[in-house]
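To start, the structure itself, in structure tokens.
The values are calculated or read from the model by the stated rules, or taken from the named source; none is laboratory data. Please read all numbers here as calculations on a predicted model, not as lab measurements. So basically every Cβ, Gly included, is an ideal-geometry build from the backbone, and we count neighbours across all protein chains shown.
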Amino acid sequence: MKYREWIGGLFWLIVGLVLTIWSSQYRVGNVIKPGPGFFPLGLGLLLILFSLFLILKQMKTFTMPQASSFVSGGWRKVAYVVSILLVATFVFEHLGVLITFFLLVICTMRGAASQSWRRTLFTALISVLGIYLVFVVALKQQLPRGFLGI
Amino acid sequence: MDILNSLILGFGVAFSPTNLLFCFVGVLIGTLIGVLPGIGPIATVSLLLPITFGMEPVSSIILLAGVFYGAQYGGSTTSILVNIPGEAASVITCLDGYKMARQGRAGPALGMAAFGSFIGGTFSVIGLMLLAPWLARMATRFGPPELFGLMFFGVTMVTYLCKGSLVKGIIMALAGLAVSVVGVDPITGASRFTMGINVLMDGIGMVPAAMGMFGIAEVLTNIEQGMRQEVFTTKIKGLLPSLRDWKDSTWPIIRGGMIGFSMGILPGSGTVIPTFISYTVEKRLSHHPEKFGTGTIEGVAAPETANNAATGGSLVPLLSLGIPPNVIMAVLLGAFIIHGIDPGPLLISKHPDVFWGTIASMYVGNVMLLVLNLPLIGIWVKILKIPYGILFPLILIFCFLGVYSLNNSVHEILIMVIFGIFGYLMPKFGFEGAPFLMALVLGPMLERTFRQSLLYGDPLIFFKRPISTILIATSLFLLLTSVFFGLARGRKRLQKVLAEEEIR
């Protein structure tokens, strides 16, 4: 599983490089008069340093990563839930809070947790009703009402 | 009697009907999320933050603090009954607590956990009350270099004490700092790394980041691994520990309280490490160390006292210096800032109602928690049986609601989801979230004090003032020796002890 250590190091090396180049475009100033770019530039350089250190250490020794591994099959569910979340984010203001959450609960419970339809619909209804009563009626929060105006 | 007068003021604040209600709601929610595995106090406090906008500052702090210490009570319930820690701070309670439950002694285990928590919690509030004002008086003389030193030390300790590789911890802290510079530069007004996107002008908020990394990411991880829940169904009877249990637990509780409180003050240790230390200490001091791990009451009493004592301890640096010693305190710091209270040495003298009101509410809250956790234990056990398949969609929609009501911005929801993915993936590569979030919260202040210090005209200013010299030199010593010179034996040994205890 050594490659995973490589990916981690490489990822942060790239982030460090981007940060360094990007922040050098702001006024860096000097040690006595630091500009807006001074602090981020330092961070970028340190990131490069430590990610290189991580990569070099991997070349010398083989250490067992302490990372938790991916569960086979599990990532499918994760990818599914993430895409539901992204879709929900984009439709949130158009559909309104109640419809979005209703659909969100149904999609995640059916798709990722394989709950029965009865249980799913019950949970979705109760939670949407609860949110309506607490956040809209009682706390009067400004939540998107969507195209239906509810 | 200065303290007495202040306490009277504090109890006046805490006993107002609204604040009593908020204190109760806080500890109730705290216990609830403590019982429920899969949602922790960090996500909950950030979640509730937007809802507290309209409240009085002191009410909101009372509520949020209640969630924090309430969670430590609730966490023990799941550890004892299900062998799943409701909170990270209750991991060690599983060892003896679950064994006790298996032997039919779930009642005394739960009872002792609650009493130990109560004693630890109360002890730490007294400590907080005595120590914080004194520390704050000392800190009024602090300038930017000292403040920078303190925050640097805080981030360093959180990084140093993280579980995995130290280099990775440092990388995560640096990444957190890098994210914190996004937005308008507070000193010159130049916008940085915003790519012309309006939402990024105000910077990346702590709330979306915290909820992504500790709320959404947690859900994703649990979905991937599939939550198993086996509630140990046994009749819980006799919650009151026997006289013998009390005799066995007296010293562990006293020692656990002291270890918890003093460790809680130290940056980085949080509420988890004190539990490990106090468990190990009890095992070393015990006449029958072989009984630890087989269901001995000391193994429940000591860590449960320690984690509650640590809550009061960790409030000390936050309320007296404005420096959060761990991630939850960092989120609470965000609450202070949102409510226009400048956390720092002047907090106690400028806002005595907030400081003393919070302290008084913690006395009250600890009593409420004892009532909530002992007679009502049956309700919590029922809640434990709610399947995760029903729970996680609710957690997701609450994360959505919480982040949206912050600024009514869908973009912040998107930021939260992105951080959720980030927080889910990073542990797969051995990177931990805590140093990242700590650095993200402290980043703006760290940069400001750093640059203000340099304006003194001397780059070596940090090493010309005693307090900042000690703090920065200690931090650098810890980091550099363990990263570069292989002198990491101390840290390795500590980690090994912790890991061994966890496995057993």
In the range A:117-132, which residues are of a type outside the set (Phe, Trp, Tyr) and more than 10 Å from every other protein chain (Cβ to nearest Cβ)?
A:Arg118, A:Leu121, A:Leu125, A:Leu129
Please indicate, with yes or no, whether at least one residue in the range A:54-68 is over 19 Å from the mean Cα position of the chain (by Cα), within 24 Å of B:Met213 (Cα to Cα) and either at pLDDT 80 or above or among the aromatic types (Phe, Trp, Tyr) (or both).
yes
Going residue by residue through the range B:458-467, is there one that turns out to be charged (D, E, K, R) and more than 10 Å from chain A (Cβ to nearest Cβ)?
yes
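Report the residue count in the range A:107-134 for those that are crowded, with 19+ Cβ neighbours inside 10 Å and part of a helix (DSSP H, G or I).
11
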State whether one or more residues within the range B:411-434 are free of Cβ contacts under 8 Å to residues at least 24 places away in the same chain, at positive phi, within 14 Å of chain A (Cβ to nearest Cβ) and assigned to a loop (DSSP other than H, G, I, E, B).
no
Condition check: touching a residue at least 40 places away in the same chain (Cβ under 8 Å) and not basic (Lys, Arg). Does B:Ala190 satisfy that?
no
Would you check if B:Gly334 is on the phi < 0 side of the Ramachandran plot, touching a residue at least 40 places away in the same chain (Cβ under 8 Å), buried (at least 23 other Cβ atoms within 10 Å of the Cβ) and in a helix (DSSP H, G or I)?
no
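Every residue in the range A:93-123 that is of a type in the set (Val, Ile, Thr) and more than 18 Å from the chain's Cα centre (by Cα), please.
A:Val97, A:Ile99, A:Thr100, A:Val105, A:Ile106, A:Thr120, A:Thr123
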Take the conditions more than 7 Å from chain B (Cβ to nearest Cβ), within 22 Å of the chain's Cα centre (by Cα), loosely packed, with under 15 Cβ neighbours inside 10 Å and aromatic (Phe, Trp, Tyr) and apply them to A:Phe90. Does it pass?
yes
Just checking, which of B:Gly164, B:Gly189 is under 23 Å from B:Phe477 (Cβ atoms), part of a loop (DSSP other than H, G, I, E, B) and within 13 Å of chain A (Cβ to nearest Cβ)?
B:Gly164
Among the residues of the range B:279-299, how many are assigned to a helix (DSSP H, G or I) and under 16 Å from B:Met112 (Cβ atoms)?
5
Unique match (being at pLDDT 90 or above and within 18 Å of B:Met426 (Cα to Cα)) among A:Val82, A:Val78, A:Val71, A:Val87
A:Val82
Only one of (1) under 17 Å from A:Trp12 (Cβ atoms); (2) outside any loop (DSSP other than H, G, I, E, B) fails for B:Leu396. Which number is that?
(1)
Working only within the range B:238-264, note down all residues that are surrounded by 24 or more Cβ atoms within 10 Å (Cβ to Cβ) and either under 17 Å from the mean Cα position of the chain (by Cα) or of a type in the set (Gly, Ala, Ser) (or both).
B:Ser249, B:Gly256, B:Gly257, B:Ile259, B:Gly260, B:Phe261, B:Met263, B:Gly264
Condition check for B:Glu282: within 30 Å of B:Val316 (Cβ to Cβ) and not basic (Lys, Arg)
yes
Filter the range A:17-38 down to residues that are surrounded by 16 or more Cβ atoms within 10 Å (Cβ to Cβ) and either assigned to a loop (DSSP other than H, G, I, E, B) or within 8 Å of chain B (Cβ to nearest Cβ) (or both), then give me how many there are.
10
Sole miss for B:Ile216 among (1) outside any loop (DSSP other than H, G, I, E, B); (2) in contact with a helix residue (DSSP H, G or I) (Cβ under 7 Å, 6 or more places away or on another chain); (3) at pLDDT below 85 is condition (3)
